[in-house]
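Can you keep this structure in mind? I'll have questions shortly.
The values are calculated or read from the model by the stated rules, or taken from the named source; none is laboratory data. Computed from a prediction, not measured in an experiment: that's the story for all the values here. Backbone-built Cβ (ideal geometry, glycine too); neighbour counts: all protein chains shown.
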Amino acid sequence: MRPERTKATKNESNSLSKLSNNGFSTPITADSPSLPLLNLNAGRQAVLDYFNNTWALTELLFSSLNSDDVYFLAPYHKTRHPLVFYYAHPACFYANKLLVSGLIDEPVNQAYELLFEAGVDEMGWDDLHEGQPDIWPSMDDVRDYRQVIYDLVIDVIRHHPALDEAITMDSPAWSIAMGCEHERIHLETSSVLIRELPIEHVTKPAHWPEFQGIEKTSRPAPVPDENPLIQVASDKVSLGKPKDWPSFGWDNEYGQDIRETSSLQASKFLVSNAEYHRFVKAGGYENESYWSEAGWGWRRFRNAKWPTFWVQDGPSGSHRYKLRTIFSVEPMQWTWPAVVNYYEAKAYCEWLNEQNPGQTFRLPNEAEYLNIRDIDIPDQQQWQASAEKSTAADAVMHVATAKIYNLNLRFGSESPVDANAPNSAGFHDVMGNVWQWCEDAFHPLNEFKIHPYYTDFSTPCYDNEHQMILGGSFISTGDEASIWSRFHFRPHFFQHAGFRLVTSDGTDNDGGKKYETSQLVDQYMLFHWGSDEEQRDEAITERIGHPGHMNLMERTVELMDEHASAKSRALDLGCAVGRTTFDLSRTFSKVTGLDFSQAFIDAANVLKSNGRLDYQRLETGQFSTPMVASVADEIDRDKTDFVVGDAMDLADIPALAENGPYDAILLSNLMCRLTTPAACLTQFTADDTYIGKGGILVFASPNTWMEQYTDPDLFLDGGSSEETLAKLGSLLPGFTQMHEEDLPFMIREHRRKYEYIVSQVSVWRKD
């Protein structure tokens, strides 16, 4: 049994006054609550100041709770621990990471460091945790523990020789910066839990920043001000934080990635409460057609009728609301951004599409968000080569520029969507105010590497079940408020997050649209990674059997291995979720997989990082079976690389030319999905950039030519298989056909529906 809890007054539970005697050199004030992001080159005193500030912000936030009993209240949704856990958890994290890094030699309180180590990442909105109320210690004991940890970290910072030098990700002192940034993450997540508490349990702390542009009188919802669309030109964006950038970064921020965006239009402002009110008033929460299957399941389970932080302020059907902030209920702030989860944002987009025939509104993907943000970030290579490394691009690292956005606790809540200055393109709140939901599932960058001090920070969330949020919110501080931050939450979860609208120009974005659905990713995961037995229903197979078929991936790998005279480098064009790429690495020294689908490449990169990936096998309708894809242990996953790109424009990815010529190139089920297939082949015949003399091309194609992909005049088909093969050969001057066969295979949609395909396979050697 835990010791009996005793009630405390707000003043007794607020340890800010106690902490002020422990060496704070930067006191918290309502005007300047948070320091800029720590420059790791700034020395021991800067680290001390930053830790003190981080610790004090936690104390400031939790001083809002009106009694100790509030710490033990279970959240209404029962998918998170009570707040006592989130008060102790950051302290526990310092102890554990200092131990892992070798800065301390033994645990401080092993029982607490196990109890408060792991939080809850609920799998679904109905993944309830009723909790065990007797496992938590008293608040007196928790406060004592936090004080011990505080004194320990202060001592390490002041005296340990690891702080004599600048902190890098390879130094033990990295764990101190990691502890600070982890605590700042929980400053934000805990604030959401406090925002979900009944209002009688909280009071705004005296030093909490004021709101910006708040209206103190109630009025009917206005007709929303126009939220015009602004044109955004296509561009290439670079992702990946330089390894020697002088601030802490989480493992998912590092790596290198170049992505190209199509031209689009994006909303000038974040979607406001007034705009979202139209959706609510129009019955958006009652119309299933606007919601994804998972989103509708969440809405029904929670009986949601309007956004979570809206408070009904009138009889049913009046659609009058107030707004819950973290510590207060205010008149509805119609000009503030709507704070919703991913499901709600997507439902709004579907409703808006119905209101605007001919336009397709959606959320931006990560690359599109960065293009809209339009902050001049030094290229990674340029940064590394630069003699003078300026951090000016990252506003949160400097006192003056940190106040450009509603970030770093400049204000104490959201602010009007038009209150802060726009960027050079005219977009408001490109960072800050609220996080922005993106279309992308959370995914690693190329060359992602796990940091040994926190091996499971990112990788468990590369599961296609966590949605990316970008840009930070008003309460984001430190690394969360950085230009490099990449964060994620499950789509039903609430953060201080809203959304911006984009719509693509013309139809040039439609070509890859069908390949960006999680359902299709799951289908291809099964096709690539499922065993023969997993691909079918055993009972049905026993009764009626299945047509004869082969494993497409295994057979094309066999042909590559059999006909390639050299086995240094291979290129897998149309690699999908990567099975063939990995299998080719058994015999080739280096293999690059390329696909047009970001979702496919994300899945392949997860497999490269983790060696496994969970997915779902559809049975019928609403029923599915959890599956696991695993890369064989004997495969060296570091021999593979995966890139997003267009097989018709390999020159757009300079690294491909730099790594060429390739000994073997595979084009599997690709040619009949290209707009100009001949242009793809020209890349291999024009010169030896991609394939040299003696190199081979292996084609596998069902020859399913369709006008939605290729103009009929450009089809590479004939009246017979022989004619089709001859047409292909006519576009490969300087190549000799070495082999041809028919390869039957099947792709399962669900247990009673399969696509049976016979691919025409041919092997060509460059003379």
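I'd like to know if the range 373-395 contains one or more residues that are farther than 24 Å from N227 by Cα and modelled with pLDDT of 90 or more.
Checked against the condition, which is being farther than 24 Å from N227 by Cα and modelled with pLDDT of 90 or more, the range 373-395 yields at least one hit.
Let me ask something else. Within the range 214-235, which residues are assigned to a loop (DSSP other than H, G, I, E, B) and of a type in the set (A, V, I, L, M, F, W, C)?
Within the range 214-235, I214, A221, V223, A233 qualify.
Right, another one. Does F279 count as surrounded by 15 or more Cβ atoms within 10 Å (Cβ to Cβ), part of a helix (DSSP H, G or I) and touching a helix residue (DSSP H, G or I) at 6+ places or on another chain (Cβ under 9 Å)?
yes
Does the range 62-87 hold any residues that are at pLDDT 95 or above, out of contact with any strand residue (DSSP E or B) (no Cβ under 8 Å at 6 or more places or on another chain) and either of a type in the set (F, W, Y) or buried (at least 23 other Cβ atoms within 10 Å of the Cβ) (or both), and which are they?
F62, Y87
Taking A629, is it modelled with pLDDT of 90 or more, touching a His at 6+ places or on another chain (Cβ under 8 Å) and of a type in the set (A, V, I, L, M)?
yes
In the range 321-330, is there at least one residue being aromatic (F, W, Y) and farther than 21 Å from R362 by Cβ?
Looking through the range 321-330, at least one residue is aromatic (F, W, Y) and farther than 21 Å from R362 by Cβ.
Does the range 192-213 contain at least one residue that is assigned to a helix (DSSP H, G or I), within 22 Å of the chain's Cα centre (by Cα) and among the aliphatic types (A, V, I, L, M)?
yes
Working carefully through the options F684, F600, find the one that is under 22 Å from D440 (Cα atoms), crowded, with 19+ Cβ neighbours inside 10 Å and hydrophobic (A, V, I, L, M, F, W, C).
Answer to the check: F600.
Right, next: Out of the residues in the range 341-360 that are surrounded by fewer than 22 Cβ atoms within 10 Å (Cβ to Cβ) and not in a helix (DSSP H, G or I), which is modelled with the lowest pLDDT?
G358
Any chance you could count how many residues in the range 232-248 are closer than 19 Å to I176 by Cα and either out of contact with any Ser or Thr (no Cβ under 8 Å at 6 or more places or on another chain) or in the same structural domain as I185 (by TED's automatic domain parsing) (or both)?
Adding up the residues that qualify gives 2.
Being acidic (D, E) and farther than 22 Å from A570 by Cα narrows it down to one residue among D713, D687, D663; which is it?
D713
Quick grid of which residues meet (1) surrounded by fewer than 17 Cβ atoms within 10 Å (Cβ to Cβ); (2) assigned to a helix (DSSP H, G or I); (3) assigned by TED's automatic domain parsing to the domain that holds Q535; (4) modelled with pLDDT of 90 or more:
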position: M706; (1), (2), (3), (4): yes, no, yes, no
position: Y709; (1), (2), (3), (4): yes, no, yes, no
position: D717; (1), (2), (3), (4): no, no, yes, no
position: G729; (1), (2), (3), (4): yes, yes, yes, yes
position: Q737; (1), (2), (3), (4): yes, no, yes, yes
position: E741; (1), (2), (3), (4): yes, no, yes, yes
position: F745; (1), (2), (3), (4): no, no, yes, no
